[in-house]
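These notes are about the structure you will find just below.
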Amino acid sequence: MIEVLLAVVILAIGLMAGSKMQMLGMNYTQGAQFRTNATMAANDIIDRMRVNPDAVANGDYDGADTNNPPGNPGCISVGCTPAQLAANDIRVWAGYFGEVDGANTTTPLRGARGTIDLTGGQYQVTITWTELIEGVEDQRQVSLGVNFN
């Protein structure tokens, strides 16, 4: 009888350890997916900046923040100036992170924040988010530096 009880206790401990491993594995997989999506979003805005070198030279992307995107310049169908195209690029990029112009997006980056800063001739594209690992919130970020010379 004691042998059966002992076997059940050992089995229960093994099952709890297995479920904890499964839960942690899912957390880390979700974190890896978020990092992948953040890197893709950072590369997207960098590619948009490469297409608009005049706005890059004028610093039109400097200070961009997805928490405060510019309004719709309304020029895409009629042709934009470099500054208007930069504003539209930032606005579209902000859509990866949440609602823009009342459009509710379903993005895996919801709740994250993207910023672009120009320092010493180099643009720094940074995306930050919070992950929950083992019940503790942890601040994460992807940051890419780009020279357009």
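Of the candidates P53, P73, the single residue that is surrounded by fewer than 17 Cβ atoms within 10 Å (Cβ to Cβ) and either in contact (Cβ under 8 Å) with a residue 60 or more places away in the chain or under 30 Å from G31 (Cβ atoms) (or both) is P53. Quick one: which of T107, T126 is at pLDDT 95 or above, under 30 Å from M23 (Cβ atoms), under 11 Å from the mean Cα position of the chain (by Cα) and not hydrophobic (A, V, I, L, M, F, W, C)? T126 is the lone residue from the list that is at pLDDT 95 or above, under 30 Å from M23 (Cβ atoms), under 11 Å from the mean Cα position of the chain (by Cα) and not hydrophobic (A, V, I, L, M, F, W, C). Looking only at region 86-96, decide whether some residue is of a type in the set (A, V, I, L, M, F, W, C), crowded, with 17+ Cβ neighbours inside 10 Å, over 17 Å from the mean Cα position of the chain (by Cα) and not in a loop (DSSP other than H, G, I, E, B). For region 86-96, residues of a type in the set (A, V, I, L, M, F, W, C), crowded, with 17+ Cβ neighbours inside 10 Å, over 17 Å from the mean Cα position of the chain (by Cα) and not in a loop (DSSP other than H, G, I, E, B): present.
Scan D138, D65 and give me the residue that is touching a strand residue (DSSP E or B) at 6+ places or on another chain (Cβ under 7 Å) and under 30 Å from Q22 (Cα atoms).
Only one candidate passes the filter, namely D138.
Scanning region 111-142 for residues that are loosely packed, with under 13 Cβ neighbours inside 10 Å, small (G, A, S) and within 24 Å of R50 (Cα to Cα) gives G120, G121.
The single residue among R140, R113 that is closer than 21 Å to I46 by Cα, touching an Asp or Glu at 6+ places or on another chain (Cβ under 9 Å) and modelled with pLDDT under 90 turns out to be R140. Cβ-Cβ distances below 9 Å connect the following pairs, each with a first residue in region 113-135 that is over 14 Å from N67 (Cβ atoms), a second residue that is among the aromatic types (F, W, Y) and at pLDDT below 90, and a separation of six or more residues or different chains: G121/F148; Q122/F148; Y123/F148; E131/F34; I133/Y28. For the residues I116, I127, the requirement of being assigned to a strand (DSSP E or B) and closer than 14 Å to V56 by Cα singles out I116.
Out of (1) touching a residue at least 40 places away in the same chain (Cβ under 8 Å); (2) exposed (fewer than 10 other Cβ atoms within 10 Å of the Cβ); (3) not β-branched (V, I, T), the odd one out for L5 is which? Of the numbered conditions (1) touching a residue at least 40 places away in the same chain (Cβ under 8 Å); (2) exposed (fewer than 10 other Cβ atoms within 10 Å of the Cβ); (3) not β-branched (V, I, T), the odd one out for L5 is (1).
The single condition among (1) touching a residue at least 24 places away in the same chain (Cβ under 8 Å); (2) surrounded by 12 or more Cβ atoms within 10 Å (Cβ to Cβ); (3) more than 16 Å from D117 (Cα to Cα) that Q33 does not satisfy is (2).
The values are calculated or read from the model by the stated rules, or taken from the named source; none is laboratory data. It should be emphasised that the depicted structure is a prediction, and the values quoted were computed from it without experimental measurement. With ideal geometry, Cβ positions are generated from the backbone for all residues, glycine too; neighbour counts draw on all protein chains shown.
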